[in-house]
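The values are calculated or read from the model by the stated rules, or taken from the named source; none is laboratory data. Keep in mind that this is a model prediction, so the values were computed, not measured. Every residue, glycine as well, gets a Cβ built from its backbone with ideal geometry; the counts of neighbours run over all protein chains shown.
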Amino acid sequence: MKTKFVSLLAILLGLIIITFPLFGLIGASSLIGLSVLLMSIYLLVVGVSIIDYNTSGAILDLILGILLLMLSIGLIFNPALLGFLTQITLYIAGIMLIIVAVASLINNRASRYGFYIGIVGIILGVLYIIIGTYLSNPIILGILIGIWLVISGILKLMDR
C-alpha cells in the first residue's frame, strides 16, 4: 500500500512540475523553488515510508528532503536569493537530482526497476547541469525534474 501511494504521489508531483512551467506565470525563482519543493516532499514521504525496513536509506532520504526543503523555501520566498545563486542553484539542483538518483539506486537494489530509476535520475541530473549551463530556462529545467518523478512513479508501480 505504501509503495503504491508513493508511486502515485511521484507521478502526481511530476505532472504538477511538468504542468506549471507551461503556464509561464511563476518567476524563475519560484519555479525552481517549486520543483525543488516537490522533490523534497517526495523524498520526505519516501523516507517515512521505508523507515520500517531500510533505516539507513530512510535517514538519507529524510536528510536530503530537509536540505531540499530549506533550499526551496529560500528560493520561493526570497527572490533576491536567486540573483545571488542563479548559476549555483542550477548546479545544486542538478547535483541534488544526481544524489537523489544514487540514493534511489542504493535503496532500490532489491526492486526490479530500482536500478533504472537511479540511472534515469543520474542522466537527467547531468542533463540538468548541462542545460542549466547553456540554457537557464526554468521551464525546461523544471520539466526534467518532473520527468524523473513520473518515470520513478511508473517504474515503482510496475515493480510489484
Exercise. Output the qualifying pairs, or none if there are none: Cβ atoms under 6 angstrom, residues six or more apart or on different chains, first residue in the stretch 145-160 and at positive phi, second residue surrounded by fewer than 19 Cβ atoms within 10 Å (Cβ to Cβ) and part of a loop (DSSP other than H, G, I, E, B).
Key: none
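May I ask you to say which residue of GLY57, GLY74, GLY114 is buried (at least 19 other Cβ atoms within 10 Å of the Cβ), more than 20 Å from GLY14 (Cβ to Cβ) and touching a residue at least 40 places away in the same chain (Cβ under 8 Å)?
The unique qualifying residue is GLY57.
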Quiz item: Going by the conditions given, is GLY47 out of contact with any Cys (no Cβ under 6 Å at 6 or more places or on another chain) and touching a residue at least 24 places away in the same chain (Cβ under 8 Å)?
Solution: no
Exercise. Would you check if LEU9 is surrounded by 15 or more Cβ atoms within 10 Å (Cβ to Cβ), hydrophobic (A, V, I, L, M, F, W, C) and modelled with pLDDT of 85 or more?
Key: no
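Kindly indicate whether any position in the stretch 72-87 is within 12 Å of the chain's Cα centre (by Cα), modelled with pLDDT of 80 or more and assigned to a helix (DSSP H, G or I). Talk me through it step by step, then tell me what you get.
First, the residues of the stretch 72-87 that are within 12 Å of the chain's Cα centre (by Cα): 72.
Still in the running and modelled with pLDDT of 80 or more: 72.
Adding the requirement that they be assigned to a helix (DSSP H, G or I) leaves 72.
Yes, the stretch 72-87 contains a residue that is within 12 Å of the chain's Cα centre (by Cα), modelled with pLDDT of 80 or more and assigned to a helix (DSSP H, G or I).
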Practice problem: Test ILE66 against the stated conditions and say whether it is part of a helix (DSSP H, G or I), at pLDDT 85 or above, under 15 Å from the mean Cα position of the chain (by Cα) and more than 19 Å from ILE151 (Cβ to Cβ). | Solution: yes
Exercise. Mind listing whichever residues of the stretch 12-29 are modelled with pLDDT of 75 or more and farther than 19 Å from ALA101 by Cα?
Key: ILE16, THR19
Quiz item: Residues of the stretch 51-66 being more than 12 Å from ILE99 (Cα to Cα) and not small (Gly, Ala, Ser), which ones?
Solution: ILE51, ASP52, TYR53, ASN54, THR55, ILE59, LEU62, ILE66
Exercise. Please identify the pairs in which a residue from the stretch 85-96 that is among the aromatic types (Phe, Trp, Tyr) has its Cβ atom under 7 Å from the Cβ atom of a residue that is modelled with pLDDT of 70 or more and in a helix (DSSP H, G or I), counting only partners at least 6 apart or on another chain.
Key: TYR91/ILE129; TYR91/GLY132
